[in-house]
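The values are calculated or read from the model by the stated rules, or taken from the named source; none is laboratory data. Only a predicted model underlies this, so the values are computations on that prediction, with no experimental measurement involved. Neighbour counts are summed over all protein chains in view; Cβ atoms, including those assigned to glycine, are modelled from backbone coordinates with ideal geometry. Side chains are part of the model used for accessible areas, which takes the heavy atoms of the whole protein and leaves out ligands, DNA and RNA. Shrake-Rupley method; radii C 1.70, N 1.55, O 1.52, S 1.80 Å.
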Amino acid sequence: MEKPSGNYSQLVQLLFLFLLSSNLFSQTNDSLEVFKYDSTIVISATRTEKKASDVSRSLSIITKEVIDNSVYLSPAEILAQKEGISIIGNGQNPGAAQNIFMRGVNSNSTAVMIDGVRITDPSSIENSINFSEMSLMNIERIEVIRGAHSTLYGSSAIGGVINFISEKNRATGFNVDFSTQAGVFGNNSSLFNQNLFLNYTFKNGFYLNGELFNSKINGQNATINNVPDSLKFRNSEKDNFEKLESSAKIGFINNYWDAFISYKNTDQKTDIDDGAFADDDNYILDFERALLSYNATYKINDYLKVSFLGGYSDMNRKAIDDSSLIDNLGNYDQTYVSAIFDGSTSNNEFHIKYKEDNLGILLGAGLSKETMTSNNYIYSNSVWGVYEARSSLDSLDLETETQSLFTHFDINGALLNESMQAFNLAFGGRYLDHSTFGKAFTFEVNPSYKFENALLYGSVATGYNAPSLYRLYTPDANFSSGITRGNANLKPEKSFSQELGFKYNFNENHSFFAALFNNEISDIHEYVYLWNGATAIDSLTFFDDRGDTYINAGTMTTMGVEFGFISKIFDNVFISGNASLLSGKQKYSINDADVEQVQGHHVQVYNNGSFITKDIEIDGLTRRSTTANLSITFKPQSNLIFNTQIRHVGKRDDVFYNTTIGPYGSLDKIAVSDYTIIDISTSYRFISQLKMNVRIENILNKKYSEIRGYSTRGRGLYLGLNYSL
């Protein structure tokens, strides 16, 4: 184990003084709420209020207390501890791209919501959000529902749904939360976060919220410097990250109304590099999102509610790659690249909800719209002279629109006969009309049977993932064939999912859960190379290039088992754990290729280099693995909590660019070793208003890799202070 640096030494001294002082202050009640799960009300599983113990799906709830009692840097760190979830980039330099894989499906196949409104990035290739954009600001709780949920949430809800639920009102009067964090995670690194939350709740039900979050991180080099030749130029610079978030919310709650309108702005700047093992000293990514959201629910009577909810979001992503240093003499490559991407989303839904003891009905209608554009510029001054090029999508007015009608029923057997009270059936369907690919239908059927201390459930559901605007319409065309990279004939990815689950409470102190699942996704969106069909594959050269495009190709299957437990060993010792065992495969068929788009040319899948000339089956999925988590919590006194968190990630395949596959090369697989990370943390409440958190991350300073060619954080020490009024 390495000795602490100077930065570590100062923080270790603070930690030592803090622990010495832990018995000098008064004690207060501060429950862990670990065993209040059964009584917790969740809304994401059925889009209506329901007890967590009655939800017949795989479910995780992350409460505000869990967030407050730790020094987590981001939602990704918390979510990565839950079964079925892997977030690549979570352990890398702060600000690095973070992609989520839930139950092994692609990162754009998990629906991410804020207060029930889907958040995407249509300006990106995949139309999926980068989780580094998300923060824990203004979050009351996070609800995670695993499994296909397109019936309730539409596109992308194939792997599951993550719903960030923001704070509403508080106790009458003025309420203040202030928190600050400081930390180090490597030589010359530093982290400073500040968060201020203000609330005023009026007696008549109105409330006002405002929040400001600021983060400044002096990071480490995001890439691994792996230049083998000592004579070659090595450019190893630090990659920093800055984020500023602000939000405002006005709402009203009484016996009939629950309504709010909120605005949130996220502005962040990240130092990035050229790619794996490829540093860059002048490459910066600026991202900004403005989000306006609203929700109004009116309670007509004890059984009937109507709701109108939605949001509008616009985003701007600007990547600037200025001239970079290329040798020890101070020479630069004299190349400047600017890429600006803009996008917007609009989502609106109307719900009618009917709920009595044994029957719940949801009727809904929705309208969503997405737009995107981009502007690119490149300048190069080389021995061949000056080269300039510009491209823009502004004149194309790229957009898609989706209209949908959906319904969901939740029926308890007691509605028919009192003796059938243990049986419950949830089912529903969604009809949609997409402006590009047309009409589609999804459904789900979710029966369950409740024993005295157990719940057995099953689910059969279909889902879909609409193609992104980039994949549909990007106009880049091959000069020889005229084939465009965008393919307006792309169909949605379609899924068929099955799940069997079991939840059991041995008693009030011990519980267990398990789930088996199988998910088959057809019409996968694949990026492919096209080669002259008149030339044999073994004889292809660069002159046979016929372009690159997106097509529906093949089927991806993910299957696995998830299980976990929560146990109260003693009055002050709690332990919980989970594991996810995952496997997958991909299949391609010669009949899968889009005949009109590929025009009879050879099709090579970029992601693995395969030429689709016959039926092909490929075992394993890149960057997905078996995971396991164990958490041990010790509460020696009511105001002091210690926690040990152990996370294991199994051996898996990553990708690298193999130049020997075809004339241009393609991605290929390479094994990445498994790893185990141990974190410890403590939370101490000095008085009712003041609390301190301390966390040592990766205490053994384990060297590991999430993405080949990129560095991960070593041992880190973080201190947090929370004050509430």
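Brief remarks follow.
- Lone unmet requirement of (1) closer than 30 Å to S495 by Cβ; (2) surrounded by fewer than 22 Cβ atoms within 10 Å (Cβ to Cβ); (3) not basic (K, R) for G533: (1)
- Looking across the stretch 186-205 at every residue that is hydrophobic (A, V, I, L, M, F, W, C) and open to solvent by less than 20 Å² (accessible area, probe 1.4 Å), the one that is farthest from the chain's Cα centre (by Cα) is identified as F197.
- Residues of the stretch 585-604 that turn out to be under 28 Å from T558 (Cβ atoms) and either part of a loop (DSSP other than H, G, I, E, B) or in contact (Cβ under 8 Å) with a residue 60 or more places away in the chain (or both), as a count: 11
- Positions within the stretch 531-558 being part of a strand (DSSP E or B) and closer than 21 Å to N106 by Cβ, in sequence order: D548, T549, Y550, I551, N552, T555, M556, T557, T558
- Among the residues making up the stretch 76-106, a single one is among the charged types (D, E, K, R) and farther than 18 Å from I677 by Cβ: R103.
- Residue identified as surrounded by fewer than 20 Cβ atoms within 10 Å (Cβ to Cβ) and either polar (S, T, N, Q) or closer than 30 Å to D397 by Cα (or both) among S481, S497, S468, S448: S481
- Residues in the stretch 17-40 include none that are more than 16 Å from the chain's Cα centre (by Cα), part of a strand (DSSP E or B) and either at pLDDT below 90 or surrounded by fewer than 17 Cβ atoms within 10 Å (Cβ to Cβ) (or both).
- Options N347, N381: the member that is part of a strand (DSSP E or B), open to solvent by less than 60 Å² (accessible area, probe 1.4 Å) and at pLDDT 95 or above: N347
- The listed residues are L359, L455, L416, and the only one of them that is in contact with a Gly (Cβ under 9 Å, 6 or more places away or on another chain) and of a type outside the set (S, T, Y) turns out to be L455.
- Residue satisfying condition, being assigned to a strand (DSSP E or B), among the aromatic types (F, W, Y) and either closer than 30 Å to D476 by Cβ or free of Cβ contacts under 8 Å to residues at least 12 places away in the same chain (or both), within set Y336, Y354, Y298: Y336
- Only one of V561, V528 that is among the hydrophobic types (A, V, I, L, M, F, W, C), open to solvent by less than 20 Å² (accessible area, probe 1.4 Å) and not in a helix (DSSP H, G or I): V528
- Top-ranked residue of the stretch 350-359 - restricted to ones that are more than 14 Å from F406 (Cβ to Cβ) and touching a Lys or Arg at 6+ places or on another chain (Cβ under 9 Å), ranked as least open to solvent (accessible area, probe 1.4 Å): Y354
- Hey, F451 under 27 Å from the mean Cα position of the chain (by Cα) and modelled with pLDDT under 95 or not: no
- Any hit, the stretch 220-232, residues being without any contact (Cβ under 8 Å) to a residue 24 or more places away in the chain, of a type in the set (G, A, S) and open to solvent by 20 Å² or more (accessible area, probe 1.4 Å): yes
- Cβ-Cβ distances below 8 Å connect the following pairs, each with a first residue in the stretch 534-550 that is at positive phi, a second residue that is surrounded by fewer than 19 Cβ atoms within 10 Å (Cβ to Cβ) and of a type in the set (D, E, K, R), and a separation of six or more residues or different chains: G547/R485.
- Residue count, the stretch 416-438 (criterion: more than 21 Å from K50 (Cα to Cα), open to solvent by 70 Å² or more (accessible area, probe 1.4 Å) and assigned to a strand (DSSP E or B)): 1
- From the options T622, T660, residue that is without any contact (Cβ under 8 Å) to a residue 12 or more places away in the chain, part of a loop (DSSP other than H, G, I, E, B) and not aromatic (F, W, Y): T660
- Filter result for K587 (in contact with a Gly (Cβ under 6 Å, 6 or more places away or on another chain) and open to solvent by 50 Å² or more (accessible area, probe 1.4 Å)): yes
- Taking first residues from the stretch 78-92 that are within 14 Å of I707 (Cβ to Cβ) and partners that are assigned to a strand (DSSP E or B) and open to solvent by 10 Å² or more (accessible area, probe 1.4 Å), the Cβ contacts under 6 Å between residues at least 6 apart in sequence or on separate chains come to S86/F101; I88/N99; G91/T712; Q92/Y710; Q92/T712.
- Selection of the stretch 41-90 for residues being part of a loop (DSSP other than H, G, I, E, B), closer than 30 Å to S724 by Cα and open to solvent by less than 10 Å² (accessible area, probe 1.4 Å) yields S44, V71, A80.
- Verdict on T172 being touching a Phe, Trp or Tyr at 6+ places or on another chain (Cβ under 9 Å) and more than 22 Å from I67 (Cα to Cα): yes
- Of all positions in the stretch 120-129, at least one carries a residue that is open to solvent by 10 Å² or more (accessible area, probe 1.4 Å) and touching a Pro at 6+ places or on another chain (Cβ under 9 Å).
- On the stretch given as the stretch 640-667, residues that are of a type in the set (S, T, N, Q) and either under 18 Å from I537 (Cα atoms) or loosely packed, with under 15 Cβ neighbours inside 10 Å (or both) total 4.
- Applying the criterion of being of a type in the set (D, E) and assigned to a strand (DSSP E or B) to the residues of the stretch 668-700, the residue that is surrounded by the most Cβ atoms within 10 Å (Cβ to Cβ) is E697.
- Residue under evaluation I632, criteria (1) out of contact with any Gly (no Cβ under 6 Å at 6 or more places or on another chain); (2) on the phi < 0 side of the Ramachandran plot; (3) touching a residue at least 60 places away in the same chain (Cβ under 8 Å), criterion not met: (3)
- Taking the criterion of being open to solvent by 50 Å² or more (accessible area, probe 1.4 Å) and either outside any strand (DSSP E or B) or modelled with pLDDT under 95 (or both), the residues of the stretch 247-275 that qualify are N254, N255, Y256, D274.
- Checking K503 against (1) under 17 Å from K450 (Cα atoms); (2) in a helix (DSSP H, G or I), the condition it does not meet: (2)
- Among the residues making up the stretch 384-415, those that are part of a loop (DSSP other than H, G, I, E, B) and either in contact with a strand residue (DSSP E or B) (Cβ under 9 Å, 6 or more places away or on another chain) or surrounded by 14 or more Cβ atoms within 10 Å (Cβ to Cβ) (or both) are L393, D397.
- Among the residues examined, K369 qualifies as under 28 Å from the mean Cα position of the chain (by Cα) and in contact (Cβ under 8 Å) with a residue 12 or more places away in the chain.
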